[in-house]
Amino acid sequence: MDAVHRGDSDCSKVGKAIILPSSHCGGPRYRVQNYQDAMAISKWAGYPDLFLTFTCNPKWPEINDMLSLIGQKDDANRVDVICRVFEIKLFQLMEDLKNQQPFGKIIACIYTIEFQKRGLPHAHILLFLHSTMKNPSANHIDKIISAEIPDRNIDPDGYNAVNKFMIHGPCGKLNPHSPCMMQGRCTKHFPKKINNHTTIDTDGFPVYRRRNTGTHVEKKGVFLDNRYVVPYNRNLIVKFDAHINVEICNYSRSVKYLFKYVHKGSDRTTATLESIDTTEQIDEIKTYLDCRYISATEACWRIFQFDIHYRKPAVERLPFHLPGEHTVIFDETKCVNDVFRQPGIEKTKFTEWLETNKKNEDARELTYVDFPTCWVWNSKEKIWTRRKRGITIGRIYFAHPSSGERFYMRMMLNFVKGCTSYESIRTINGVTYPTFKAACYALGLLDDDKEWTNFDRRPQYGQPGAN
(Lines give C-alpha, C1' and ligand atoms only; values in the text may rest on other atoms or scores of the structure.)
Protein backbone atom coordinates (compact mmCIF):
# COMPACT_ATOMS: atom_id res chain seq x y z
CA MET A 1 0.00 0.00 0.00
CA ASP A 2 2.88 2.38 0.70
CA ALA A 3 4.24 1.62 -2.76
CA VAL A 4 0.87 2.45 -4.34
CA HIS A 5 0.66 5.74 -2.47
CA ARG A 6 4.18 6.62 -3.62
CA GLY A 7 3.22 5.81 -7.19
CA ASP A 8 5.65 2.92 -7.60
CA SER A 9 4.63 0.43 -10.26
CA ASP A 10 7.76 -1.75 -10.50
CA CYS A 11 7.35 -4.80 -8.25
CA SER A 12 11.08 -5.53 -8.40
CA LYS A 13 11.67 -2.43 -6.25
CA VAL A 14 8.95 -3.17 -3.70
CA GLY A 15 9.47 -5.25 -0.57
CA LYS A 16 12.47 -7.54 -0.07
CA ALA A 17 13.68 -10.84 -1.49
CA ILE A 18 14.03 -13.71 0.99
CA ILE A 19 16.78 -15.99 -0.26
CA LEU A 20 16.36 -18.86 2.18
CA PRO A 21 12.81 -19.07 3.60
CA SER A 22 11.88 -21.50 6.35
CA SER A 23 10.56 -23.91 3.72
CA HIS A 24 14.12 -24.46 2.45
CA CYS A 25 15.35 -27.68 4.06
CA GLY A 26 18.52 -27.11 6.05
CA GLY A 27 18.48 -23.32 6.04
CA PRO A 28 18.85 -21.18 9.20
CA ARG A 29 15.15 -20.25 9.28
CA TYR A 30 14.24 -23.90 8.70
CA ARG A 31 16.21 -25.01 11.77
CA VAL A 32 14.88 -22.20 13.95
CA GLN A 33 11.26 -22.96 13.03
CA ASN A 34 11.72 -26.68 13.72
CA TYR A 35 13.34 -25.90 17.06
CA GLN A 36 10.43 -23.66 18.06
CA ASP A 37 7.94 -26.32 16.90
CA ALA A 38 9.71 -28.83 19.16
CA MET A 39 9.46 -26.41 22.09
CA ALA A 40 5.73 -26.02 21.39
CA ILE A 41 5.32 -29.80 21.60
CA SER A 42 7.24 -29.79 24.88
CA LYS A 43 4.91 -27.10 26.23
CA TRP A 44 1.93 -29.28 25.33
CA ALA A 45 3.28 -32.73 26.25
CA GLY A 46 5.67 -31.90 29.08
CA TYR A 47 9.34 -32.75 29.32
CA PRO A 48 10.73 -35.42 26.97
CA ASP A 49 11.17 -38.78 28.68
CA LEU A 50 13.44 -40.84 26.43
CA PHE A 51 16.27 -40.02 24.04
CA LEU A 52 17.13 -42.67 21.44
CA THR A 53 19.92 -42.81 18.88
CA PHE A 54 19.31 -45.26 16.02
CA THR A 55 22.33 -45.87 13.76
CA CYS A 56 22.37 -47.56 10.37
CA ASN A 57 24.03 -50.97 10.13
CA PRO A 58 25.71 -51.32 6.70
CA LYS A 59 25.79 -55.12 7.17
CA TRP A 60 22.01 -55.54 7.31
CA PRO A 61 20.92 -58.62 5.30
CA GLU A 62 18.64 -56.46 3.16
CA ILE A 63 21.61 -54.35 2.05
CA ASN A 64 23.86 -57.33 1.41
CA ASP A 65 21.16 -59.18 -0.55
CA MET A 66 20.57 -56.16 -2.77
CA LEU A 67 24.29 -55.65 -3.38
CA SER A 68 24.64 -59.32 -4.32
CA LEU A 69 21.69 -59.04 -6.66
CA ILE A 70 23.21 -56.11 -8.58
CA GLY A 71 26.77 -57.48 -8.46
CA GLN A 72 28.23 -54.92 -6.01
CA LYS A 73 30.57 -55.72 -3.13
CA ASP A 74 31.26 -52.38 -1.46
CA ASP A 75 28.21 -50.85 0.22
CA ALA A 76 29.81 -47.38 0.09
CA ASN A 77 29.27 -47.31 -3.66
CA ARG A 78 25.50 -47.77 -3.36
CA VAL A 79 24.36 -45.15 -0.88
CA ASP A 80 20.90 -45.28 -2.45
CA VAL A 81 20.44 -48.81 -1.10
CA ILE A 82 21.61 -47.73 2.37
CA CYS A 83 19.22 -44.78 2.43
CA ARG A 84 16.21 -46.81 1.35
CA VAL A 85 16.84 -49.62 3.84
CA PHE A 86 17.49 -47.24 6.74
CA GLU A 87 14.35 -45.26 5.96
CA ILE A 88 12.30 -48.48 6.02
CA LYS A 89 13.91 -49.61 9.28
CA LEU A 90 13.35 -46.19 10.89
CA PHE A 91 9.69 -46.21 9.87
CA GLN A 92 9.27 -49.67 11.39
CA LEU A 93 11.03 -48.60 14.59
CA MET A 94 8.69 -45.62 15.02
CA GLU A 95 5.67 -47.85 14.37
CA ASP A 96 6.84 -50.32 17.02
CA LEU A 97 7.44 -47.55 19.53
CA LYS A 98 3.95 -46.10 19.00
CA ASN A 99 1.94 -49.31 18.60
CA GLN A 100 3.73 -51.98 20.64
CA GLN A 101 4.67 -49.40 23.29
CA PRO A 102 7.80 -51.01 24.77
CA PHE A 103 8.34 -47.90 26.91
CA GLY A 104 4.67 -47.10 27.53
CA LYS A 105 2.09 -44.93 25.81
CA ILE A 106 3.68 -42.26 23.60
CA ILE A 107 1.77 -39.00 23.12
CA ALA A 108 4.40 -37.16 21.06
CA CYS A 109 7.69 -37.88 19.29
CA ILE A 110 10.36 -35.96 17.41
CA TYR A 111 13.33 -37.13 15.39
CA THR A 112 15.98 -35.65 13.14
CA ILE A 113 18.36 -37.36 10.72
CA GLU A 114 22.11 -36.80 10.82
CA PHE A 115 24.94 -38.29 8.81
CA GLN A 116 28.25 -39.53 10.12
CA LYS A 117 31.55 -38.48 8.59
CA ARG A 118 31.78 -41.82 6.82
CA GLY A 119 28.27 -41.29 5.47
CA LEU A 120 26.04 -43.60 7.50
CA PRO A 121 22.73 -42.03 8.57
CA HIS A 122 21.45 -42.09 12.15
CA ALA A 123 18.37 -40.71 13.85
CA HIS A 124 18.08 -38.81 17.14
CA ILE A 125 14.64 -39.51 18.60
CA LEU A 126 12.81 -37.81 21.48
CA LEU A 127 9.81 -39.58 23.02
CA PHE A 128 7.15 -37.95 25.21
CA LEU A 129 5.30 -40.47 27.35
CA HIS A 130 1.83 -40.26 28.86
CA SER A 131 1.56 -38.46 32.18
CA THR A 132 1.12 -41.79 33.98
CA MET A 133 4.59 -42.84 32.80
CA LYS A 134 6.41 -39.70 33.99
CA ASN A 135 9.11 -39.94 36.68
CA PRO A 136 9.66 -43.70 36.43
CA SER A 137 10.96 -45.64 39.41
CA ALA A 138 14.35 -47.36 39.43
CA ASN A 139 12.66 -50.75 39.02
CA HIS A 140 10.77 -49.53 35.94
CA ILE A 141 13.96 -48.10 34.41
CA ASP A 142 15.67 -51.48 34.86
CA LYS A 143 12.81 -53.13 32.94
CA ILE A 144 13.14 -50.92 29.85
CA ILE A 145 16.83 -49.95 29.87
CA SER A 146 19.84 -52.13 30.56
CA ALA A 147 23.55 -51.34 30.82
CA GLU A 148 24.79 -54.87 31.42
CA ILE A 149 26.03 -57.69 29.20
CA PRO A 150 23.46 -60.54 29.05
CA ASP A 151 24.46 -64.04 30.05
CA ARG A 152 25.67 -65.85 26.95
CA ASN A 153 24.13 -69.17 28.02
CA ILE A 154 20.73 -67.76 28.96
CA ASP A 155 20.31 -65.06 26.24
CA PRO A 156 22.70 -65.71 23.34
CA ASP A 157 20.84 -63.34 20.99
CA GLY A 158 21.05 -60.48 23.47
CA TYR A 159 24.70 -61.24 24.18
CA ASN A 160 25.62 -61.16 20.48
CA ALA A 161 23.69 -57.94 19.86
CA VAL A 162 25.33 -56.15 22.78
CA ASN A 163 28.74 -57.45 21.74
CA LYS A 164 28.31 -56.16 18.17
CA PHE A 165 26.65 -52.79 18.76
CA MET A 166 26.53 -51.61 22.38
CA ILE A 167 30.14 -51.85 23.64
CA HIS A 168 32.15 -48.63 23.86
CA GLY A 169 35.88 -48.74 23.38
CA PRO A 170 38.25 -50.02 24.44
CA CYS A 171 39.52 -46.62 25.49
CA GLY A 172 41.32 -45.02 28.42
CA LYS A 173 44.39 -46.85 29.63
CA LEU A 174 43.45 -49.86 27.50
CA ASN A 175 43.62 -47.79 24.31
CA PRO A 176 44.96 -44.22 24.73
CA HIS A 177 44.66 -43.59 20.98
CA SER A 178 40.91 -44.20 20.79
CA PRO A 179 39.01 -41.46 18.86
CA CYS A 180 36.99 -40.66 21.99
CA MET A 181 40.10 -39.75 23.98
CA MET A 182 40.95 -36.12 24.68
CA GLN A 183 43.65 -34.95 27.08
CA GLY A 184 43.99 -38.47 28.42
CA ARG A 185 40.28 -38.91 29.23
CA CYS A 186 37.32 -40.43 27.44
CA THR A 187 34.91 -37.72 26.28
CA LYS A 188 32.02 -40.16 26.82
CA HIS A 189 33.10 -40.76 30.43
CA PHE A 190 33.88 -44.46 30.00
CA PRO A 191 34.53 -46.71 31.80
CA LYS A 192 31.56 -46.14 34.10
CA LYS A 193 31.52 -47.13 37.77
CA ILE A 194 30.14 -50.38 39.06
CA ASN A 195 26.67 -49.69 40.49
CA ASN A 196 24.33 -52.23 42.06
CA HIS A 197 21.20 -50.08 41.79
CA THR A 198 19.83 -47.54 39.31
CA THR A 199 19.82 -44.01 40.75
CA ILE A 200 19.52 -40.37 39.63
CA ASP A 201 22.50 -38.15 40.43
CA THR A 202 22.40 -34.56 41.68
CA ASP A 203 22.63 -33.17 38.12
CA GLY A 204 19.53 -35.08 37.06
CA PHE A 205 21.31 -37.71 34.98
CA PRO A 206 20.47 -41.40 35.45
CA VAL A 207 23.12 -43.75 36.82
CA TYR A 208 22.17 -47.16 35.45
CA ARG A 209 22.67 -50.46 37.19
CA ARG A 210 26.04 -51.99 36.28
CA ARG A 211 26.68 -54.95 38.54
CA ASN A 212 29.90 -56.92 38.65
CA THR A 213 28.40 -60.06 37.12
CA GLY A 214 31.67 -61.46 35.79
CA THR A 215 30.33 -61.42 32.19
CA HIS A 216 32.60 -59.84 29.61
CA VAL A 217 33.17 -59.50 25.86
CA GLU A 218 36.38 -59.33 23.86
CA LYS A 219 37.14 -56.27 21.72
CA LYS A 220 40.47 -55.84 19.94
CA GLY A 221 42.11 -58.39 22.19
CA VAL A 222 40.85 -56.73 25.38
CA PHE A 223 38.19 -58.07 27.73
CA LEU A 224 35.52 -55.49 28.63
CA ASP A 225 32.87 -55.77 31.34
CA ASN A 226 29.64 -53.91 32.17
CA ARG A 227 31.49 -50.62 32.70
CA TYR A 228 31.78 -50.24 28.90
CA VAL A 229 28.16 -50.99 27.95
CA VAL A 230 26.10 -48.26 26.27
CA PRO A 231 22.51 -48.23 27.68
CA TYR A 232 20.07 -50.10 25.44
CA ASN A 233 16.74 -51.89 25.22
CA ARG A 234 17.29 -55.59 24.66
CA ASN A 235 14.30 -56.32 22.40
CA LEU A 236 14.98 -53.35 20.11
CA ILE A 237 18.64 -54.11 19.38
CA VAL A 238 17.89 -57.80 18.79
CA LYS A 239 15.02 -57.10 16.41
CA PHE A 240 16.65 -54.29 14.41
CA ASP A 241 20.21 -55.65 14.58
CA ALA A 242 21.68 -52.18 15.03
CA HIS A 243 23.04 -49.71 17.56
CA ILE A 244 20.09 -48.19 19.46
CA ASN A 245 21.12 -46.15 22.48
CA VAL A 246 18.30 -45.43 24.97
CA GLU A 247 18.62 -42.77 27.68
CA ILE A 248 16.28 -41.35 30.32
CA CYS A 249 15.96 -37.56 30.01
CA ASN A 250 12.94 -36.72 32.18
CA TYR A 251 14.34 -33.47 33.59
CA SER A 252 13.68 -29.86 32.66
CA ARG A 253 17.34 -28.87 32.45
CA SER A 254 17.81 -31.25 29.50
CA VAL A 255 15.03 -29.73 27.37
CA LYS A 256 16.97 -26.94 25.68
CA TYR A 257 20.10 -29.08 25.21
CA LEU A 258 18.19 -31.94 23.62
CA PHE A 259 16.14 -29.76 21.28
CA LYS A 260 19.18 -27.76 20.25
CA TYR A 261 21.05 -31.04 19.74
CA VAL A 262 18.46 -32.67 17.52
CA HIS A 263 18.08 -29.47 15.46
CA LYS A 264 21.70 -28.41 15.26
CA GLY A 265 23.11 -27.18 11.98
CA SER A 266 24.84 -29.10 9.25
CA ASP A 267 28.52 -30.08 9.19
CA ARG A 268 30.88 -27.52 7.74
CA THR A 269 34.26 -27.57 6.06
CA THR A 270 36.87 -24.93 5.28
CA ALA A 271 38.32 -24.87 1.76
CA THR A 272 41.40 -23.02 0.52
CA LEU A 273 41.70 -21.69 -3.03
CA GLU A 274 45.23 -21.39 -4.42
CA SER A 275 46.61 -20.71 -7.86
CA ILE A 276 48.71 -23.45 -9.47
CA ASP A 277 50.22 -21.06 -12.05
CA THR A 278 53.83 -20.81 -10.85
CA THR A 279 54.70 -18.10 -13.42
CA GLU A 280 52.35 -15.68 -11.74
CA GLN A 281 53.51 -14.03 -8.54
CA ILE A 282 51.16 -15.01 -5.73
CA ASP A 283 50.68 -12.84 -2.69
CA GLU A 284 50.15 -14.38 0.70
CA ILE A 285 46.41 -14.00 0.29
CA LYS A 286 44.23 -17.07 0.62
CA THR A 287 40.48 -17.16 0.32
CA TYR A 288 38.79 -19.41 2.85
CA LEU A 289 35.31 -20.59 2.05
CA ASP A 290 33.02 -21.73 4.88
CA CYS A 291 30.97 -24.44 3.16
CA ARG A 292 28.32 -26.92 4.17
CA TYR A 293 29.61 -30.47 3.98
CA ILE A 294 27.10 -32.83 2.37
CA SER A 295 28.09 -36.47 2.06
CA ALA A 296 26.92 -38.72 -0.76
CA THR A 297 24.47 -40.43 1.60
CA GLU A 298 22.90 -37.14 2.69
CA ALA A 299 22.64 -35.98 -0.91
CA CYS A 300 20.90 -39.24 -1.83
CA TRP A 301 18.57 -38.92 1.18
CA ARG A 302 17.53 -35.45 0.01
CA ILE A 303 17.06 -36.60 -3.58
CA PHE A 304 14.64 -39.27 -2.35
CA GLN A 305 12.86 -36.51 -0.37
CA PHE A 306 12.91 -38.50 2.85
CA ASP A 307 12.12 -36.56 6.00
CA ILE A 308 15.03 -34.82 7.67
CA HIS A 309 12.81 -33.83 10.61
CA TYR A 310 9.71 -35.57 11.91
CA ARG A 311 7.29 -34.61 14.62
CA LYS A 312 3.98 -35.87 15.88
CA PRO A 313 1.51 -34.36 16.61
CA ALA A 314 1.64 -31.70 13.92
CA VAL A 315 2.31 -28.07 14.80
CA GLU A 316 0.25 -25.31 13.14
CA ARG A 317 2.31 -22.14 12.80
CA LEU A 318 0.11 -19.13 13.41
CA PRO A 319 1.10 -15.78 11.88
CA PHE A 320 -0.16 -12.47 13.25
CA HIS A 321 0.20 -8.89 12.12
CA LEU A 322 -0.89 -5.36 12.80
CA PRO A 323 -3.74 -3.91 10.68
CA GLY A 324 -2.75 -3.78 7.03
CA GLU A 325 0.75 -5.16 7.63
CA HIS A 326 0.44 -8.82 6.66
CA THR A 327 3.00 -10.36 4.34
CA VAL A 328 2.18 -10.59 0.63
CA ILE A 329 4.22 -12.73 -1.77
CA PHE A 330 4.20 -11.59 -5.41
CA ASP A 331 6.11 -11.96 -8.66
CA GLU A 332 8.52 -9.13 -9.40
CA THR A 333 7.35 -9.05 -13.03
CA LYS A 334 3.79 -8.08 -12.07
CA CYS A 335 2.34 -4.63 -11.68
CA VAL A 336 1.72 -3.41 -8.15
CA ASN A 337 -1.95 -2.72 -8.84
CA ASP A 338 -2.40 -6.24 -10.21
CA VAL A 339 -1.10 -7.65 -6.92
CA PHE A 340 -3.92 -5.98 -4.99
CA ARG A 341 -6.52 -7.32 -7.42
CA GLN A 342 -5.69 -10.93 -6.55
CA PRO A 343 -8.76 -12.57 -4.94
CA GLY A 344 -8.44 -13.19 -1.21
CA ILE A 345 -5.17 -11.32 -0.84
CA GLU A 346 -6.56 -9.51 2.20
CA LYS A 347 -7.31 -12.82 3.99
CA THR A 348 -4.82 -14.43 6.37
CA LYS A 349 -4.98 -17.06 9.10
CA PHE A 350 -5.19 -14.28 11.63
CA THR A 351 -7.91 -12.21 10.00
CA GLU A 352 -10.00 -15.30 9.33
CA TRP A 353 -9.62 -16.28 13.00
CA LEU A 354 -11.29 -12.99 13.86
CA GLU A 355 -14.05 -13.64 11.30
CA THR A 356 -14.61 -17.18 12.60
CA ASN A 357 -15.06 -15.82 16.12
CA LYS A 358 -17.70 -13.41 14.82
CA LYS A 359 -19.75 -16.25 13.28
CA ASN A 360 -19.31 -19.01 15.90
CA GLU A 361 -19.91 -18.53 19.60
CA ASP A 362 -18.13 -21.75 20.63
CA ALA A 363 -14.98 -20.59 18.82
CA ARG A 364 -14.75 -17.66 21.23
CA GLU A 365 -13.85 -20.05 24.04
CA LEU A 366 -10.39 -20.59 22.56
CA THR A 367 -7.29 -18.44 22.41
CA TYR A 368 -5.51 -18.01 19.09
CA VAL A 369 -2.81 -20.52 20.05
CA ASP A 370 -5.45 -23.12 21.08
CA PHE A 371 -7.58 -22.58 17.98
CA PRO A 372 -5.96 -25.35 15.82
CA THR A 373 -6.96 -27.99 18.40
CA CYS A 374 -10.61 -27.63 17.30
CA TRP A 375 -10.34 -25.94 13.89
CA VAL A 376 -8.45 -26.71 10.67
CA TRP A 377 -7.04 -24.10 8.30
CA ASN A 378 -8.02 -24.61 4.64
CA SER A 379 -5.20 -22.88 2.77
CA LYS A 380 -6.90 -23.20 -0.61
CA GLU A 381 -10.15 -21.51 0.34
CA LYS A 382 -8.58 -19.50 3.18
CA ILE A 383 -11.15 -20.42 5.83
CA TRP A 384 -11.16 -22.20 9.19
CA THR A 385 -13.25 -25.39 9.32
CA ARG A 386 -14.15 -27.54 12.29
CA ARG A 387 -11.71 -30.32 13.12
CA LYS A 388 -13.12 -33.83 12.71
CA ARG A 389 -10.09 -35.95 13.65
CA GLY A 390 -6.48 -35.78 14.70
CA ILE A 391 -4.51 -33.53 17.04
CA THR A 392 -2.68 -30.35 16.11
CA ILE A 393 -0.79 -27.95 18.35
CA GLY A 394 -0.82 -24.22 17.69
CA ARG A 395 2.26 -21.99 17.87
CA ILE A 396 2.33 -18.24 17.34
CA TYR A 397 5.35 -16.96 15.44
CA PHE A 398 8.09 -15.34 17.47
CA ALA A 399 8.27 -11.56 17.81
CA HIS A 400 11.36 -9.79 19.10
CA PRO A 401 10.89 -7.33 22.00
CA SER A 402 12.32 -4.58 19.81
CA SER A 403 9.46 -5.01 17.31
CA GLY A 404 7.26 -2.74 19.42
CA GLU A 405 3.52 -3.25 19.19
CA ARG A 406 3.89 -6.60 17.45
CA PHE A 407 5.67 -7.98 20.53
CA TYR A 408 2.91 -6.79 22.90
CA MET A 409 0.21 -7.97 20.51
CA ARG A 410 1.70 -11.47 20.51
CA MET A 411 1.78 -11.41 24.29
CA MET A 412 -1.94 -10.56 24.39
CA LEU A 413 -2.85 -13.29 21.89
CA ASN A 414 -1.57 -15.96 24.28
CA PHE A 415 -4.22 -15.00 26.85
CA VAL A 416 -7.26 -13.30 25.31
CA LYS A 417 -10.14 -15.37 23.91
CA GLY A 418 -12.93 -14.81 21.41
CA CYS A 419 -11.45 -11.74 19.74
CA THR A 420 -13.44 -10.43 16.77
CA SER A 421 -11.34 -7.35 15.90
CA TYR A 422 -8.09 -5.62 16.69
CA GLU A 423 -9.92 -3.40 19.17
CA SER A 424 -11.28 -6.41 21.05
CA ILE A 425 -7.73 -7.68 21.57
CA ARG A 426 -6.92 -4.43 23.37
CA THR A 427 -10.14 -4.53 25.43
CA ILE A 428 -9.66 -5.57 29.07
CA ASN A 429 -12.66 -5.68 31.46
CA GLY A 430 -14.72 -3.55 29.10
CA VAL A 431 -12.03 -0.88 28.63
CA THR A 432 -10.41 -0.51 25.21
CA TYR A 433 -6.82 0.66 25.57
CA PRO A 434 -5.10 2.73 22.87
CA THR A 435 -2.09 0.40 22.45
CA PHE A 436 -1.31 -3.26 22.96
CA LYS A 437 1.40 -2.29 25.43
CA ALA A 438 -1.13 -0.50 27.60
CA ALA A 439 -3.43 -3.52 27.41
CA CYS A 440 -0.56 -5.75 28.58
CA TYR A 441 -0.07 -3.50 31.60
CA ALA A 442 -3.80 -3.65 32.38
CA LEU A 443 -3.81 -7.45 32.14
CA GLY A 444 -0.82 -7.67 34.48
CA LEU A 445 1.55 -9.09 31.87
CA LEU A 446 4.05 -6.27 32.34
CA ASP A 447 5.49 -4.75 35.50
CA ASP A 448 6.37 -1.10 35.91
CA ASP A 449 9.18 0.56 37.87
CA LYS A 450 7.07 1.72 40.82
CA GLU A 451 8.54 -0.89 43.16
CA TRP A 452 12.10 0.23 42.44
CA THR A 453 11.12 3.90 42.54
CA ASN A 454 9.60 3.44 45.98
CA PHE A 455 12.69 1.53 47.08
CA ASP A 456 14.94 4.44 46.05
CA ARG A 457 12.74 6.90 47.95
CA ARG A 458 12.96 5.02 51.26
CA PRO A 459 14.82 6.88 54.03
CA GLN A 460 18.47 5.95 54.10
CA TYR A 461 20.20 4.60 57.21
CA GLY A 462 20.76 7.38 59.71
CA GLN A 463 18.02 9.61 58.28
CA PRO A 464 14.70 10.41 60.03
CA GLY A 465 12.20 7.59 59.51
CA ALA A 466 14.84 4.97 58.75
CA ASN A 467 14.71 1.65 60.59
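Annotations for the structure displayed:
- Distance between the C-alpha centres of segment 83-145 and segment 199-238: 19 Å, rounded to the whole angstrom.
- When nucleic acids and ligands are ignored and a 1.4 Å probe is applied, residue 411 ends up with an accessible area of around 40 Å².
- Ranked by how many other beta carbons lie within 10 Å on average, peptides 86-94, 137-145 from highest: 86-94, 137-145
- Residues in segment 303-404 average 61 Å² of solvent-accessible surface per residue, probe 1.4 Å, ligands and nucleic acids excluded.
- Computed lengthening from residue 235 to residue 441, 0.36 nm per intervening residue step minus Cα-Cα distance: 68.6 nm
- Using C-alpha pairs below 8 Å separated by at least 6 residues, the relative contact order for segment 300-439 is 27 percent.
- Note on residue 299 and residue 98: with the Förster distance fixed at 51 Å, the Cβ-Cβ geometry gives a FRET efficiency of about 0.95.
- Couplings for segment 371-384, taken from phi via the Karplus curve 6.51 cos²θ - 1.76 cosθ + 1.60 with θ = phi - 60°, read 4, x, 5, 10, 9, 10, 8, 9, 5, 6, 8, 6, 9, 8 Hz in order; Gly and Pro are left as x.
- Length released on extending from residue 20 to residue 185, taking residue separation times 0.36 nm less the Cα-Cα span: 55.3 nm
- Under 5 Å from the amide H of residue 211 lie the amide H atoms of 195, each residue being 5 or more positions distant or on a separate chain, with H modelled from the backbone and absent for Pro and chain starts.
- Full extension of the chain segment joining residue 330 with residue 405 gains 24.4 nm, where the gain is 0.36 nm per residue of separation less the Cα-Cα distance.
The values are calculated or read from the model by the stated rules, or taken from the named source; none is laboratory data. Every value quoted in this text rests on a predicted model; they were computed, and no experiment measured them. Every residue, glycine among them, receives a Cβ derived from its backbone with ideal geometry; neighbour counts consider all protein chains shown. Keep in mind that these areas ignore ligands, DNA and RNA; they rest on the heavy atoms of the full protein, side chains included. Shrake-Rupley method; radii C 1.70, N 1.55, O 1.52, S 1.80 Å.
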